[in-house]
Amino acid sequence: MPLLNLKQVTKVYQQGEIKVEALRGIDLEIEKGEFTTVFGPSGSGKTTMLNLIGALDKPTGGTVKINGDSIGKLNKNELALLRRNHIGFIFQSYNLIPVLSAFENISFALRIARKNSKSEEKEKVFNLLKAVGLEGLENRRPAELSGGQKQRVAIARALIKEPKLVLADEPTANLDSDTSHEVMKIMLKMNKELNTTFIFSTHDPLVMDYATRLLELRDGRISKDKIKEPATN
């Protein structure tokens, strides 16, 4: 059974009297352990599709299934548990908690998941902060961090609970090339060692290089689906 199954998925937004068709009949299966990149022009439906896959929104038509369960049939509590226990999000806008430090933003995700003791949690957070290049900045709040540093906190927060699925919307935005490579290597290691499924939405050719599957979206439809070898290891 695939991890994700989208069948004839549509999403229509109502803007006053105007209907905007963001997705127009998406059929897609994602197997466990895939390292997939979704790309396409702005307005093609990439972020909308990620929001549906991540159970942040529900489709107007069709079905989205995660581990065989249709998100359209889950109530709010069930959706919240699904996101908490199995999905990591990397948002383009960071969505960090302003009053918490970098360390606290990352450890908060672990506490919600209830996966580690306090001593394990501390060691795990510090190791990941070091891995994403934030060693020594753990006590800084988001307002004291640059855009690239906030992005790295957001990435660490998504990865810390070792979810089954990570959804990343422009994960290398605001990162320099060296940091982008390091972050992608961390994700690739998780993918290989933990069989974590990654789905990226991006315009960045570097992210596409790491992917093993490329999905192109145009006008709310999948126009290309290509399996490839990663160009960078």
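The values are calculated or read from the model by the stated rules, or taken from the named source; none is laboratory data. The shown structure was predicted, so the numbers you read here are calculated from the model rather than taken from an experiment. FYI the Cβ positions are ideal-geometry reconstructions off the backbone, even for glycines, and counts take in every protein chain you see. Keep in mind that these areas ignore ligands, DNA and RNA; they rest on the heavy atoms of the full protein, side chains included. Shrake-Rupley method; radii C 1.70, N 1.55, O 1.52, S 1.80 Å.
For region 136-233, what class follows from the C-alpha gyration tensor (a ≥ b ≥ c being the square roots of its eigenvalues): rounded when a/c is under 1.5, otherwise prolate if a/b is larger than b/c, else oblate? Prolate shape, in that a/c is at least 1.5 and a/b is the bigger ratio. Looking at the chain, the accessible area is 50 square angstrom per residue; that uses a 1.4 Å probe and ignores ligands, DNA and RNA. Which of the three applies to region 100-175, rounded, prolate or oblate, going by the alpha-carbon gyration tensor with a ≥ b ≥ c and a/c under 1.5 meaning rounded? In terms of gyration-tensor shape, oblate.
Of GLN92, ILE112, ALA102, which is farthest on the positive side of the dipole of region 3-134, counting Cα position, with +1 on Lys and Arg Cβ, -1 on Asp and Glu Cβ, and the Cα centre as origin? Of the options given, the answer is ILE112. Magnitude of the charge dipole for region 173-226, about its Cα centre and with charges confined to Cβ atoms of Lys, Arg (+1) and Asp, Glu (-1), is about 320 debye. With axes computed from alpha carbons, what is the tilt in degrees of helix 177-194 against the longest principal axis of the chain, rounded to the nearest 10 within 0 to 90? With both axes taken from Cα atoms, the answer is about 80 degrees.
Charge dipole (Cα centre; +1 on Lys/Arg Cβ, -1 on Asp/Glu Cβ; no other charges) of the chain amounts to roughly 680 debye. Loop only per DSSP, at most 10 neighbouring Cβ atoms within 10 Å: give me the GluC sites (Glu not before Pro) in region 46-135, ordered by residue number. For GluC sites (Glu not before Pro) across region 46-135 that sit outside H, G, I, E and B with at most 10 neighbouring Cβ atoms in 10 Å, the list is empty.
If the Kirkwood radius is taken over C-alpha pairs of region 1-153, then at 10 °C and 1.306 mPa s the Stokes-Einstein diffusion coefficient equals 90 µm²/s. A cut-off under 14 angstrom between Cβ atoms defines the neighbours of ARG24, and their net charge, with Lys, Arg +1 and Asp, Glu -1, is +3.
What is the list of residues in region 99-138 whose amide nitrogen lies under 13 Å from a point 7 angstrom out from the Cα of ASN67, following Cα to Cβ? So the set is empty, nothing qualifies.
Within region 172-191, which residues have the backbone N less than 18 Å from the label spot 7 Å out from ASP209 along Cα→beta-carbon, could you tell me? Only 172-189 fall inside the zone, counting backbone N under 18 Å. Under 23 Å Cα-Cα from LYS65, which lysines qualify once same-chain neighbours fewer than 8 residues away are excluded? Here the lysines satisfying the reach criterion relative to LYS65 are LYS7, LYS11, LYS32, LYS46, LYS73, LYS76, LYS161, LYS164, LYS224, LYS226. Structure remark: mean-square fluctuation, Gaussian network model of the chain, C-alpha springs under 10 Å; the largest value among GLN15, GLN151, GLN92 belongs to GLN15.
A protection proxy built from the mean count of other Cβ atoms within 10 Å ranks the segments 201-209, 45-53, most packed first, as 45-53, 201-209. Ignoring ligands, DNA and RNA, what percent of the accessible area of the chain is carbon or sulfur (1.4 Å)? The C+S portion of the solvent-accessible surface of the chain is 47 percent. Could you compute the FRET efficiency for SER42 and GLU144, with r as their C-beta to C-beta distance and R0 at 30 Å, rounded to 0.05? Efficiency for this residue pair is about 0.45.
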